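Asker: Following this message is one structure expressed as structure tokens.
The values are calculated or read from the model by the stated rules, or taken from the named source; none is laboratory data. Keep in mind it's a predicted model, so treat the numbers as computed, not measured. Cβ sites come from the backbone with ideal geometry, for glycine too, and all protein chains shown count toward neighbours.
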């Protein structure tokens with residue numbers, strides 16, 4: 001026959017259950033993902049505590065990330081048209097113990113930052129990808145007096161307060177964007193910065209191996225937290241110089257050697273940086289400052305900084321042309337005849353000349 005617990009038995013069982021639950025599920029503190037310490041008591045978790053986007057009604061000194069895309073002065077690529085002498089590119093195949101010139105031209109360096117695709121490659125080790133292989137791109141917001149002919153690997157020796165000439169770029173850094181080709185594997189990026197006063201004291205602002213990919217493809221990193229890029233020559237506490245180090249991270253690892261079978265090089269094609277404030281755009285002009293190339297005045301007159309090419313211009317044009325299209329057939333001029341290419345024919349023949357005399361000493365020649 002079935003057996004049942006009496007009141008005492010039920011009370012005993014319930015006590016055991018409560019004791020088990022109390023000891024097994026015991027909360028000693030709580031914290032959000034963006035917090036470093038646990039809190040106790042009545043805890044209120046905000047969007048900032050858990051690392052989520054927090055919509056705001058106002059902001060001082062900066063812009064909410066939800067507003068920045070609406071304002072041209074806050075969405076420009078701050079590194080646009082960085083000059084070649086502000087870029088050093090080196091490579092390593094021994095994990096960074098030694099670095100050598102990667103061998104890229106000035107035009108290839110500029111293309112990396114001008115929003116045109118360039119191709120700079122992470123080197124191979126014995127014709128294979130390896131975790132020992134890296135590409136180091138060092139950039140600056142300053143102009144330095146580097147002697148002509150200085151080897152690539154020695155240029156950074158002049159990027160300091162002794163040789164600084166002037167400011168070229170000045171903004172604050174919050175995000176980075178990379179367009180790259182990882183070729184079926186991944187790439188790690190390490191981002192560092194150094195002040196003008198201590199150019200060899202590199203500070204890591206990002207060193208997380210999250211595995212950038214693309215064929216080619218887009219990757220972004222939030223790193224910098226508003227730190228300065230460049231500044232005035234007297235602002236030696238600003239972060240004048242920055243480094244981006246790209247490491248090959250093949251996925252089919254031979255754990256004993258760190259060397260992999262794949263022999264297809266990984267490429268970095270574009271590098272951009274964004275921040276909510278810019279005080280000097282330098283060679284970046286309006287593209288770095290306002291996310292477009294042109295400027296205009298209060299009368300709607302528009303100016304472009306360089307040549308404008310189009311299949312057709314509509315309307316009247318004022319000014320002098322540097323070239324002109326030759327006539328398709330010969331034309332006559334007052335003193336010479338020109339051929340279809342506009343060349344003057346030196347010897348010409350007059351077809352008809354008439355001469356008349358009015359009898360009073362006046363002669364009229366008609367051509």
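Asker: If you take the residues of segment 145-192 that are part of a loop (DSSP other than H, G, I, E, B), at pLDDT 95 or above and buried (at least 18 other Cβ atoms within 10 Å of the Cβ), which of them is nearest to the chain's Cα centre (by Cα)?
Answerer: 169
Asker: What number of residues within segment 295-307 satisfy the criterion of being in a loop (DSSP other than H, G, I, E, B) and either in contact with a helix residue (DSSP H, G or I) (Cβ under 7 Å, 6 or more places away or on another chain) or exposed (fewer than 10 other Cβ atoms within 10 Å of the Cβ) (or both)?
Answerer: 8
Asker: If you scan segment 278-294, which residues turn out to be in contact with a helix residue (DSSP H, G or I) (Cβ under 8 Å, 6 or more places away or on another chain) and either touching a residue at least 24 places away in the same chain (Cβ under 8 Å) or within 23 Å of residue 167 (Cβ to Cβ) (or both)?
Answerer: Of everything in segment 278-294, those that are in contact with a helix residue (DSSP H, G or I) (Cβ under 8 Å, 6 or more places away or on another chain) and either touching a residue at least 24 places away in the same chain (Cβ under 8 Å) or within 23 Å of residue 167 (Cβ to Cβ) (or both) turn out to be 278, 281, 282, 288, 289, 290, 291, 292, 293.
Asker: Look at segment 250-274 and say how many of its residues are at pLDDT 90 or above and buried (at least 22 other Cβ atoms within 10 Å of the Cβ).
Answerer: 5
Asker: Here's a follow-up. Out of (1) in a loop (DSSP other than H, G, I, E, B); (2) at pLDDT 90 or above, the odd one out for residue 317 is which?
Answerer: With respect to (1) in a loop (DSSP other than H, G, I, E, B); (2) at pLDDT 90 or above, residue 317 is out only on (2).
Asker: If residue 211 satisfies every condition in (1) on the phi < 0 side of the Ramachandran plot; (2) surrounded by fewer than 15 Cβ atoms within 10 Å (Cβ to Cβ) but one, which is the exception?
Answerer: The single condition residue 211 does not satisfy is (1).
Asker: Then there's this: Pick from segment 57-75 the residues that are modelled with pLDDT of 75 or more and farther than 17 Å from residue 279 by Cα: which of them is surrounded by the fewest Cβ atoms within 10 Å (Cβ to Cβ)?
Answerer: Across segment 57-75, the extreme among qualifying residues is 70.
Asker: Separate question: Among the residues in segment 110-126, are any touching a residue at least 60 places away in the same chain (Cβ under 8 Å), part of a strand (DSSP E or B) and either surrounded by fewer than 21 Cβ atoms within 10 Å (Cβ to Cβ) or in contact with a helix residue (DSSP H, G or I) (Cβ under 6 Å, 6 or more places away or on another chain) (or both)?
Answerer: Yes - at least one qualifying residue is present in segment 110-126.
Asker: Oh, and also: Looking for whichever is in a loop (DSSP other than H, G, I, E, B) and at pLDDT 90 or above here; the options are 245, 233. Which one fits?
Answerer: The match here is 233.
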